[in-house]
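A.B. asks: Would you mind keeping the following structure in view while I ask a few things?
The values are calculated or read from the model by the stated rules, or taken from the named source; none is laboratory data. Treat the numbers as computed from the prediction; the structure is a model and nothing was measured. When we count neighbours, we look across all protein chains shown, and the Cβ atoms used for this are built from the backbone with ideal geometry, even at glycine.
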Amino acid sequence: MQKQKHFCLRMRARIIQAIRAFFIKNGYLEVETPLRIPAPIPEAHIDGFESEEWYLQSSPEICMKRMAAMGYEKIFQICKCFRKEERGDRHLTEMTLLEWYTKGFTYKELMAQTAELIRYVGLETGGTKQLIYGDKTIFLDRPWEYITVARAFETHADISMERAMAKGIFDEVMAFDIEPELGKNRPAFLFDYPAAMGALARLKPNDSGIAERFELYIAGMELANGFSELTDPQEQQLRFSNELALKKNAGKKLTPMPCNFLKDLEHLPDTAGIALGVDRLVMLFANVDTIDQVVAFTPETL
């Protein structure tokens, strides 16, 4: 067991070094933003940790978007993020995220860049163009799958995307019917989510019911979530209000509206951004089935 832990931690270090090299070579500025903030992004399905009267970040999104609005055109960050009640084989309450933002990109360019990053990591950490995970061989050098959410429901579920949304079982169908089928022998981008499932994403110009959002899946595991950024502060405030209403209806504690973020959002140019789970990426390249194996300490051992 200790030998495997040593292997995983060495793999983790190599992956993080490869990520940094990729972005530096592509002209990105590595940034650091505060872990502790006064007002997190209101998200009904994410519960944050309080720190006195502030909060530990669930992602660096607020501060990084504010930097993008200030004129930083290409930025990335590898940092710790915190989410309550997220513990399991693929979840930690304290996790490591890679997040980056690019001026002038849409979610389409971001998907292509994400594929380029994963291929680069594979070559830099083991000179490999394929990934062995469990009984699956994932070919990184072959064309990746691009599938819309609506098409994924048609292909892998017994209910349409629209009906699942209407019945309030979208997440359940995704988790049990669709996600396990994605990225089995090549990575898969699942894109074009219902607008209600993209609270911070821009809507498609020709279809306001669809958000320009995608997720990346490899071997049935969700690895990243990205989108073309919404840049309208009034629309964003309305969506945040809806998220806070959902939290209230669920009996959860409400967080403050991030007013400074909304103020800066007015100056955000067309930009795309993404968060990628570093711990899960290490799981895939180390070929291990629990997130506990790729971190030095789990909460239970502290």
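A.B. asks: Does Asp177 satisfy the condition of being closer than 28 Å to Ser51 by Cα and surrounded by fewer than 20 Cβ atoms within 10 Å (Cβ to Cβ)?
C.D. replies: Answer is no for this residue.
A.B. asks: Tell me yes or no: at least one residue of region 135-143 is without any contact (Cβ under 8 Å) to a residue 40 or more places away in the chain and under 22 Å from the mean Cα position of the chain (by Cα).
C.D. replies: Scanning region 135-143, I find no residue that is without any contact (Cβ under 8 Å) to a residue 40 or more places away in the chain and under 22 Å from the mean Cα position of the chain (by Cα), so the answer is no.
A.B. asks: How about region 272-302: which of its residues are part of a helix (DSSP H, G or I), at pLDDT 95 or above and among the β-branched types (Val, Ile, Thr)?
C.D. replies: Those that are part of a helix (DSSP H, G or I), at pLDDT 95 or above and among the β-branched types (Val, Ile, Thr): Val278, Val282, Ile291, Val294.
A.B. asks: For residues that are outside any loop (DSSP other than H, G, I, E, B) and of a type in the set (S, T, N, Q), scanning just region 58-99, find the one that is nearest to Met221 (Cα to Cα).
C.D. replies: Residue satisfying both the conditions and the ranking: Thr96.
A.B. asks: Could you list, in sequence order, all residues of region 175-200 that are among the aliphatic types (A, V, I, L, M), without any contact (Cβ under 8 Å) to a residue 60 or more places away in the chain and in contact with a Leu (Cβ under 9 Å, 6 or more places away or on another chain)?
C.D. replies: Of everything in region 175-200, those that are among the aliphatic types (A, V, I, L, M), without any contact (Cβ under 8 Å) to a residue 60 or more places away in the chain and in contact with a Leu (Cβ under 9 Å, 6 or more places away or on another chain) turn out to be Ile178, Leu182, Ala188, Leu190, Ala195.
A.B. asks: Would region 42-55 turn up any residue that is outside any loop (DSSP other than H, G, I, E, B) and among the polar types (S, T, N, Q)?
C.D. replies: yes
A.B. asks: Which residue, of Lys248, Lys252, is within 23 Å of Ile41 (Cβ to Cβ) and outside any helix (DSSP H, G or I)?
C.D. replies: That would be Lys252, the only listed residue that is within 23 Å of Ile41 (Cβ to Cβ) and outside any helix (DSSP H, G or I).
A.B. asks: Any residue that is part of a strand (DSSP E or B) and at pLDDT 95 or above - is there at least one of those in region 262-271?
C.D. replies: Yes; the residues of region 262-271 include at least one that is part of a strand (DSSP E or B) and at pLDDT 95 or above.
A.B. asks: Further question: For region 209-236, which residues satisfy the criterion of being closer than 14 Å to Gly183 by Cβ and touching a Ser or Thr at 6+ places or on another chain (Cβ under 7 Å)?
C.D. replies: The answer is Leu216, Ala224.
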